[in-house]
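Read the structure below first, then the notes.
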Amino acid sequence: MEAARVGQALREARMSLGLSLEDMSQRLRINMRYMAALEEGRPEDLPGTAYGAGFVRSYAEAMGLDAPDLVRRFREAAGAPQQGRELIFPEPVPDRGVPTGLLILLGALLAGGGYFAWYQWSGAGLRTVDAVPDLPPRLEETARQAGQPPLPRPQVPPGGGGVAPAPSAPPLAAAPPVSVPPLAVAPVAPPPQGAPAVPSGAPPAEPPAAPAPPAPIGAPAGAPAGPAAGAETRATPAPNAVVLRAEQECWVQIRDPRSGRILLSRLLQPGETFEVPPEPPGLLLNTGRIEALAIQVGGVASAATQGLTGVRRDVALDAERLRAAPPGQLPFR
């Protein structure tokens with residue numbers, strides 16, 4: 001059997017090198033049970049022909065033998081097919097529906113038949129229409145005297161075309177003149193003595209205007225004079241009110257460290273102010289330009305920002321600490 005001869009060649013090569021079957025199994029990392037089946041010519045005990053061919057190739061290359069020849073002999077002995085199986089792919093079923101060209105032709109025929117039926121129903125000049133009668137001569141004469149051109153007469157096709165002209169209406173008799181009685185004019189009473197005369201055609205006099213309301217009573221004597229109308233009043237800041245005033249453009253952020261909530265985060269413009277809310281206590285200030293920001297406590301600028309520049313973080317907005325801080329010593333968290 002050819003598989004046994006291939007296994008014998010592999011076993012003789014191994015024994016000539018003085019290696020045991022266990023050594024070759026560890027060296028090639030192949031199960032020793034498969035190595036024994038390979039050397040004894042039992043391909044049916046191998047996991048498959050493809051795996052067995054791979055074992056033979058690795059074994060032959062490790063022993064320095066002709067690996068392609070041994071693999072070919074092993075495949076022939078194991079009965080491996082030389083050619084691949086013929087695969088049969090499904091073919092699409094031909095469409096047996098109505099051809100598209102026939103549908104287009106039927107649509108064109110239906111459209112043509114519909115147009116022909118509409119044309120016959122609407123008529124092609126074969127319908128009988130009443131002829132317009134001639135205008136009475138008196139109307140034509142009146143229009144000619146007024147300077148208007150004579151109105152056109154309706155054209156009747158020769159032969160009538162199956163249309164019978166309507167008989168002309170008889171001329172209208174002249175209507176007798178109608179006398180209009182003169183309008184009666186009511187007599188106008190003369191104006192009372194001493195009243196100014198109203199010229200004819202003048203509009204009627206307007207009623208007298210209502211009297212103006214009395215002026216408001218002034219404030220009692222000795223009352224303190226209030227601020228002028230429209231004048232702005234500025235409230236005096238609270239003693240512990242902390243106000244941020246931007247001397248230059250600067251970015252500021254005010255946050256609550258306990259809850260992490262951001263109360264203010266924006267760019268203040270020069271002259272813009274922001275009053276720090278008293279609640280919650282312990283608010284912190286972050287700014288990108290401390291030199292552009294003035295911190296006022298009770299309307300008085302704090303000396304804590306004097307001489308400082310650049311970025312400052314976690315500045316404590318505590319009124320007492322800001323008021324008592326020495327120049328250039330900001331209170332921090």
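We did not get these values from a lab; they are worked out from the coordinates using the rules stated. Owing to the predicted nature of the structure, the values given are computational and were not obtained by experimental measurement. Neighbour counts are summed over all protein chains in view; Cβ atoms, including those assigned to glycine, are modelled from backbone coordinates with ideal geometry.
Here are the numbers for this structure:
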| item | result |
| --- | --- |
| Net lengthening on full extension, M15/V311 (0.36 nm per residue, minus Cα-Cα) | 98.2 nm |
| Gap separating the Cα centres of region 283-297 and region 18-76, nearest whole Å | 84 Å |
| Cα-based convex hull volume of region 2-78 per residue, rounded to whole Å³ | 69 Å³ |
| For region 242-324, Kirkwood radius (reciprocal of mean inverse C-alpha pair distance, Å) | 12.6 Å |
| Rough spin-label spacing in nm, given labels placed 7 Å along Cα→Cβ, for R266 and A301 | 2.4 nm |
